[in-house]
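Visitor: Attaching a single structure in structure tokens format; questions to follow.
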Amino acid sequence: MTTKEQIRDIGETFAHGLRQILGDKLHGLYLYGAAAFPDDVHTGDIDFHVILTAPLADDENRRRSVSRIRMCGD
């Protein structure tokens, strides 16, 4: 089970990485699904909506892919 603190830590880490990659293109990051209500429902995954101000450039897509691989490997 994922605790509120774990969800918060993962969200903060994810947001920090997105800010580094996307800068001003990051408009918002929203938690949704069962993890948004950790007291009510046990969850094994954490879902986010990432809202951008503009489409990603090719280099941003590559950096995003590398970051995803790193997160999944931890």
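Visitor: How many nm separate the modelled label positions at Arg19 and Thr3, each set 7 Å beyond the Cα in the direction of the Cβ?
Guide: Placing both labels 7 Å along Cα→Cβ, they lie 2.5 nm apart.
Visitor: By counting other Cβ atoms within 10 Å of each Cβ, how are Asp59, Asp39 ranked from fewest to most?
Guide: On the way: Asp59 9, Asp39 6.
Ascending Cβ contact count within 10 Å gives the list Asp39, Asp59.
Visitor: Something else about it: Just to check I understand the Karplus step: with θ = phi - 60° and J = 6.51 cos²θ - 1.76 cosθ + 1.60, what whole-Hz values come out for the stretch 9-24, glycine and proline as x?
Guide: 4, 5, x, 5, 5, 4, 4, 4, x, 5, 4, 5, 7, 9, x, 5
Visitor: So, one more: Stretched out fully, how many nm does the piece from Ile10 to Leu26 gain, at 0.36 nm a residue minus the Cα gap?
Guide: Working: separation 16, 0.36 × 16 = 5.76 nm, distance 1.72 nm.
Taking Ile10 through Leu26 to full extension adds about 4.0 nm, to one decimal.
Every number here is computed from the coordinates shown, using simple stated rules; none is lab data. Since the structure is predicted, the reported quantities are computational estimates derived from the model, not experimental observations. Positions of Cβ are backbone-derived with ideal geometry, glycine not excepted, and every protein chain shown enters the neighbour counts.
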